[in-house]
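In what follows, a single structure is set out as structure tokens and then discussed.
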2 protein chains.
Amino acid sequence: MADKTTRERIVAEADRLFYERGFELTSFSDIADAVGISRGNFYYHFKSKDEILDAVIGKRMMSTSGMLEEWESQSDSPSERIKDFIRIVVTNRAQIIRHGCPVGTLCSELAKIGHPAQPQSNQLFVLFRTWLCHQFVLLGHETDADSLAMHVLAFSQGIALLAQAFQDERFIRREAERMCAWLDGLADEVRV
Amino acid sequence: MADKTTRERIVAEADRLFYERGFELTSFSDIADAVGISRGNFYYHFKSKDEILDAVIGKRMMSTSGMLEEWESQSDSPSERIKDFIRIVVTNRAQIIRHGCPVGTLCSELAKIGHPAQPQSNQLFVLFRTWLCHQFVLLGHETDADSLAMHVLAFSQGIALLAQAFQDERFIRREAERMCAWLDGLADEVRV
DNA sequence: GTCTATACTGAGATAGAC
DNA sequence: GTCTATCTCAGTATAGAC
């Protein structure tokens, strides 16, 4: 963190604050304070708040791509890879209960306020959707791979939203297991 | 609308605007303009913006209770009643694609900004949760009724969130059908 | 009850010194 | 590159006339 450029530090803190407080309610002062620079200095690096949002989304796109590639290379079966995805909600349960899903809450907020960066934030969903779709094709579900990918994605979003509302960790675990069991049933279908 | 009191008109317009634009981004001016009164007049009826939010949530609680009671009296089987719930996402698809789920987006926003009215908005979820739980008990799933209720609730939230992001009406229909089929499978389990 | 006028605050953004 | 000072605007909220 210490040897990062100021720009990188701004993006990192904005990334965190946009997740924790939401985009609208994070002010320049909030980010400036977190980074430890003055508000004025800000505009040397970014022309507007929207430009910071673009950078934050870009950063999230990069890290998400990296994570998906890692799953692709580490797990050997597509069904294990899909489970890697399902298990994020369990792994990140503490943060999800506090602040929701980083992707879902951002897309939801930008959609509601009609923000111009909406299509870009949706690309984060597209990243997961495409990857999951690919895994389902490998599983032998060529015809409805995309539909299944959307199903898994919807599920994870529903879990995250309700887990936050009810502050319920056990609910996350229970639903993740249910989803994994459903996936196993799906894999059996193909074998038969 | 014409013969409603000013207070009722304020709550009605605030209800609509909070749904369409979100709570934070709806200003007093927005509501005042929509109602057709001056901003000053506002404070005769409500002391603050938070007080309007309380009134809006109260109104939604009333109308939701009414809807659930209606389903309870009209459909004869619990499984048909749960399907009534599942079908809301299809019935309200146009609005959901534009603005998301009224309950989910409000709870999500209030949770993110740490608003004091968060527990009250969550009561809207509790209303559905309790009602669904009751239906699953009637279906013969006494032991895991609440878990199933949360499952259905999570599903509807996931559908609403992704439908808004991807602006996809067919996805809503497809997932609602999938959920109904799952429910039929569940009812068969009990019969056997 | 409803209005106009206005106070006060914090937001995003700019200018210019260092 | 970073700072301070400042501008502008929109938001919530209040005071007081009608």
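What follows is calculated from the coordinates using simple rules that are stated; it is not laboratory data. Please read all numbers here as calculations on a predicted model, not as lab measurements. Neighbour counts run over all protein chains shown; Cβ positions are idealised from the backbone, glycine included.
Structural remarks
- Three-way shape call for segment B:55-157 based on the alpha-carbon gyration tensor, with the a/c threshold at 1.5: prolate
- For segment A:37-53, backbone phi angles converted through the Karplus equation (6.51, -1.76, 1.60; θ = phi - 60°) give residue-by-residue couplings of 10, 7, 4, x, 4, 2, 6, 6, 8, 9, 6, 7, 5, 4, 5, 5, 4 Hz, Gly and Pro being listed as x.
- Mean Cα-pair separation over length for chain B, i.e. relative contact order, pairs under 8 Å, 6 or more apart, %: 23
- Debye equation applied to the C-alpha atoms of segment A:1-132, log10 I(q)/I(0) at 0.18 Å⁻¹: -1.06
- Rounded to the nearest 20 debye, dipole of segment B:1-98 from Cβ charges on Lys, Arg, Asp, Glu: 280
- For chain A, lysine pairs with C-alpha atoms less than 21 angstrom apart, excluding pairs fewer than eight positions apart on the same chain, total 6.
- Contact order normalised by residue count of segment B:108-192, Cα under 8 Å, 6+ apart, percent: 20
- Rg [Å, one decimal], Dmax [Å, integer] - segment B:114-192, C-alpha atoms: 14.8, 48
- Distances between copies of A:Pro119, taken at a point 7 Å out from Cα along the Cα→Cβ vector and listed shortest first: 4.5 nm.
- Projecting 7 Å from Cα along the Cα-to-Cβ direction, the label point of B:Ser147 sits 2.8 nm from its equivalents in the other copies, listed shortest first.
- Here the residues B:Thr64, B:Thr130, ranked from fewest to most Cβ neighbours within 10 Å of their Cβ, fall in the order B:Thr130, B:Thr64.
- Between copies, the label points of A:Arg7, set 7 Å from Cα on the Cα→Cβ line, lie 5.7 nm apart, reported in increasing order to one decimal in nanometres.
- Computed log₁₀ I(q)/I(0) - Debye formula, equal Cα scatterers, no solvent, the protein assembly as shown, q 0.12, 0.13 Å⁻¹: -0.99, -1.14
- Per-residue Cβ neighbour counts within 10 Å put A:Trp182, A:Trp131 in the sequence A:Trp182, A:Trp131, beginning with the fewest.
- Identity and axial distance of the chain B residue whose Cβ lies nearest the axis relating B to A, Å: B:Gly158, 1
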